[in-house]
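Single-structure report; data block below.
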Amino acid sequence: ATAKAAEPAPDTTASLSPQQPVEPASVAEFRWPARGHIVQNFGEKAGVKSDGINIALPEGTPVKAAENGVVAYAGNELKGYGNLVLIRHENGFVSAYANNGDLKVKKGDVIRRGQVVATSGQTGNVTSPQLHFELRKGSTPVDPVAHLSDD
């Protein structure tokens with residue numbers, strides 16, 4: 001490798017004004033769907049793989065949409081997920097809310113961030129009331145915690 005002499009930076013260097021976001025566009029921000037203790041993290045642990053996180057919640061807790069979108073699915077035909085809501089977002093993400101008690105939305109509903117989409121329950125393959133929450137970029141599961149903010 002050859003060392004290159006340091007050149008003084010020209011005065012015309014582009015700089016970010018304070019109004020421009022500095023974070024990468026690939027990092028979407030979503031609101032927490034519910035607040036509770038995370039009982040299962042994203043990824044593989046002891047041979048068990050999770051495409052999302054599980055949040056322990058008292059039965060009947062409101063489950064809120066993490067971002068604006070359209071309900072792509074609301075039902076219980078997917079094995080293990082119990083009562084499930086899928087919301088498609090404009091940024092290419094899909095959020096999934098599983099193991100719910102009552103579903104409050106139907107396919108095609110336009111959803112606003114923070115809107116109640118279900119109440120927590122114990123449906124599907126869980127042994128206590130909890131919310132299984134997934135975020136997917138396209139069809140690829142991503143760690144939701146990396147994309148959740150308190151706003």
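No value in this document is a laboratory result; all are computed from the given coordinates. What you see is a predicted model; the values in this text were computed from it and never measured. Here Cβ is always computed from backbone atoms with ideal geometry, including for glycine, and neighbour counts include all displayed protein chains.
Below 18 Å, Cα to Cα, which lysines can K79 reach? Residues fewer than 8 away in the same chain don't count.
K49
Work out, in µm²/s and without decimals, the Stokes-Einstein translational diffusion coefficient of the range 21-124 at 4 °C, 1.567 mPa s, Rh from Kirkwood over C-alpha pairs.
It comes out at roughly 91 µm²/s.
What FRET efficiency comes out for V48 versus Y73 if R0 is 22 angstrom and r is the Cβ-Cβ distance? Round to the nearest 0.05.
According to the calculation, E is roughly 0.35.
For V117, list long-range residues whose amide hydrogen, built 1.01 Å from N in the peptide plane, is under 5 Å from its own amide hydrogen.
Here V63, K64, A65 satisfy the definition.
Expressed in nm to one decimal, what extension gain is obtained for the pair T127 and N91 from 0.36 nm per residue of sequence separation less their Cα-Cα distance?
Here the answer is 9.6 nm.
Along the Cα-to-C-beta direction of W32, a point sits 7 Å from the Cα; which residues of the range 54-98 have their amide N less than 18 Å from that point?
54-67, 96-98
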